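Every number in this text was worked out from the coordinates using simple rules, so none of it is lab data. The shown structure was predicted, so the numbers you read here are calculated from the model rather than taken from an experiment. Counting neighbours? That spans all protein chains shown, and the Cβs are built from the backbone with ideal geometry, glycine included.
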Amino acid sequence: MTKALIPGSDASVFGAVHLGYVVVQSERLTDWQRFGSDAIGMHVDRHSPDSLRFRLDDHACRFLIQRGPAEDVTALGWQIDDDDTFDRIVARIADRGVPIVEGNPDQAALRGVERLWRFAGPKGIAQEIFTVPVTTPEPLVMQSSGWVTGEAGLGHVAIVSREPEAMRGYYETVFDSRLTDYIDENISGLKMKIRFLRVNERHHSIAIANIRGVKIDPLRTRVQHINVQSATLDDMLASFGRVTELGFRMQWSVGQHTNDRELSYYCVTPSGFELEVGWNPVVIGPELESTWEPSTHKGISIWGHTTVGETVLTKFAQFQQALHNARTSETIVPQLTGGLPR
């Protein structure tokens, strides 16, 4: 392992940070249970009448769905490898004047962690950090044979932002994220630029997209999609079939990305943001890490990923949403943007 990947080898926390869990607020818990368990193939636990959790591995919680009106992702939980690294991150946040508070025992229990600390994040998505997840020996009961987590974390989150450089600066400041690459894409005549940031060996844990030359956001939800990685190609394709058969909306058909080479499809969750189910992306291990240089890819996909069921009405709804969003400023945390231009 190169020094760049050894947590605690210097002031950097890169390599010691992993996406641990996602918190969603929704009134559609029954739909979420059917979607996550029956369609996607995750293990489900009905934690209480007002919450359910999905497992992918021995962690007690990878997705927490809590009853509430947002129909959106409300928090991202990041696992930190050790106490020293955790303390460095806390110091970065506190020293810049951003409040960081310990979550209460009920919050920790719901998320399947021993303790957690919360602080403000871009677009109003709370960022939560923890060191010790609660694990369980209880066997997984699910239609999938398995999911890829471990050192790469849960998966990744993709966000459309009107303030992409501020968001990139935020994750560089807090987690020492590294720029993996860019994608330039033309969608319906609009030029989109996507930045892919990694915090460990996963090709990217955060993707940040913006429309070049104009500050618009056509999405109602804070996130565009959450990604999970199937253990096998058969698992990924089987879940694609179940999503379709059970009547959940498919957004993008199976295809392969230009940059991380992941095969995947995108479907719409009961809360309206998308879930990408993928297989076999590039892993930036120690050898690749030591020589990696960011590059720009033209287009999101090598093949596939064609839109499914898009109509003039859905385009019009996106245009209306963009106008609505333009009336309010996007939430940033300026103390943590690292001085990068907005």
Study note, to complete from the structure: Residue separation between ARG67 and ASP83 times 0.36 nm, minus their alpha-carbon distance, gives in nm 2.5 nm
Point to revise | Among ASN259, ASN227, ASN325, residue whose mean-square fluctuation peaks in a GNM of the chain (springs only between Cα atoms under 10 Å) | key: ASN325
Review point. Which of rounded, prolate, oblate describes the stretch 62-193, given a ≥ b ≥ c as roots of the alpha-carbon gyration tensor eigenvalues and a/c under 1.5 marking rounded, otherwise prolate only if a/b is larger than b/c?
Key: oblate
Revision key, fill the gap. So the FRET efficiency between THR328 and GLU287, C-beta based with R0 = 41 Å and rounded to 0.05, is 0.35
Point to revise | Long-range lysine pairs (8 or more apart or interchain), the chain, Cα under 21 Å | key: 9
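When a/c reaches 1.5 or more, the comparison of a/b and b/c decides; with that in mind, is the stretch 150-335 rounded, prolate or oblate per its Cα gyration tensor? Numbers along the way, then the final one.
On the way: a/c = 1.66, a/b = 1.04, b/c = 1.60.
Taking the square roots of the gyration eigenvalues as a ≥ b ≥ c, the stretch 150-335 is oblate.
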Revision key, fill the gap. Contour minus Cα-Cα span, GLN143 to ARG46, at 0.36 nm per residue, comes to 33.2 nm
Point to revise | Given charges at Cβ of Lys, Arg, Asp, Glu: the chain dipole, positive-most of LEU219, SER26, ALA120 | key: LEU219
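If I stretch the segment between GLU102 and VAL132 completely, what's the gain in nm (0.36 nm per residue apart, minus their alpha carbon distance), one decimal?
Details: separation 30, 0.36 × 30 = 10.80 nm, distance 1.41 nm.
Full extension of this stretch gives 9.4 nm more.
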Point to revise | the stretch 256-272 residues near the modelled LEU233 label - backbone nitrogen below 20 Å, point 7 Å along Cα→Cβ | key: 256-266
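Where nothing but the Cβ of Lys and Arg (+1) and of Asp and Glu (-1) is charged, how large is the charge dipole of the chain around its Cα centre, in debye to the nearest 20? Before the final figure, lay out the partial values.
Details: 34 positive and 43 negative charges, 262 e Å.
Here the chain has a charge dipole of around 1260 debye.
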Point to revise | GLU27-TRP303 pseudo-label distance in nm [points 7 Å out on the Cα-to-Cβ vector] | key: 4.4 nm
